[in-house]
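Have a look at the structure below before the remarks.
The values are calculated or read from the model by the stated rules, or taken from the named source; none is laboratory data. What you are looking at is a predicted structure, and each value in this text was computed from that prediction instead of being measured. Glycine also receives a Cβ, built like all others from the backbone with ideal geometry; neighbour counts cover every protein chain displayed. The protein model used for the area step is the full one, side chains on, heavy atoms only, and it has no ligands, DNA or RNA in it. Shrake-Rupley method; radii C 1.70, N 1.55, O 1.52, S 1.80 Å.
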Amino acid sequence: MADLNALGIVVSEMATSIRFYRLLGVDLPETPGEGHVEAALPSGLRLMLDSEEVVLSFRPDWARERGNQLSLAFECASPAEVDETYARAMGAGFKGEKEPWDAFWGQRYAQLQDPDGVPVDLFAALPTD
């Protein structure tokens, strides 16, 4: 059986995308001049970023389409970390979709967009007391 090992995102501006995901704690190399970067996440999954130019080199018919078919979710250690991470992203000039809120399903939740419009959620369990 195949094992999901990596998620890949085609990025329009590598340096901006590296800065965004590093802000969220992904240990991507700071090599924006490269067309492909990747980092192993604590879960073992890899996050890969590829420039449009790299993708076009093997898929010349590829074209960027804006959509919401994919989203990423980052688990935070606490509800306060959700708020702090969201505030850091806003302070760094990135786009927020929905400010942190206490969701009815028992999590502190917030929604961002990465530099290419990929939805990125932040979440942490709420205290049960």
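Name the residues in the range 9-20 that are open to solvent by 40 Å² or more (accessible area, probe 1.4 Å) and without any contact (Cβ under 8 Å) to a residue 40 or more places away in the chain, would you?
Scanning the range 9-20 gives a single hit, ALA15.
Looking at the range 4-61, which of its residues are farther than 26 Å from GLU84 by Cα, among the charged types (D, E, K, R) and out of contact with any Ser or Thr (no Cβ under 7 Å at 6 or more places or on another chain)?
GLU34, ASP50, GLU53, ARG59, ASP61
Looking only at the range 1-44, how many residues end up being part of a loop (DSSP other than H, G, I, E, B), closer than 21 Å to LYS95 by Cβ and of a type in the set (D, E, K, R)?
First pass over the range 1-44, keeping only residues part of a loop (DSSP other than H, G, I, E, B): 1-5, 12-13, 24-35, 41-44.
From what is left, the residues that are closer than 21 Å to LYS95 by Cβ are 12-13, 24-26, 28, 32.
Subsequent filtering for residues that are of a type in the set (D, E, K, R) retains 13.
Final tally of qualifying residues: 1.
This table checks each residue for (1) open to solvent by 30 Å² or more (accessible area, probe 1.4 Å); (2) modelled with pLDDT of 95 or more; (3) among the hydrophobic types (A, V, I, L, M, F, W, C).
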site	(1), (2), (3)
LEU7	yes, no, yes
ARG22	yes, yes, no
ASP27	yes, yes, no
ALA40	yes, yes, yes
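So if I check each of GLN107, GLN111, which one is closer than 30 Å to PRO127 by Cα, within 15 Å of the chain's Cα centre (by Cα) and not aromatic (Phe, Trp, Tyr)?
On the way: GLN107 fails: within 15 Å of the chain's Cα centre (by Cα).
The unique qualifying residue is GLN111.
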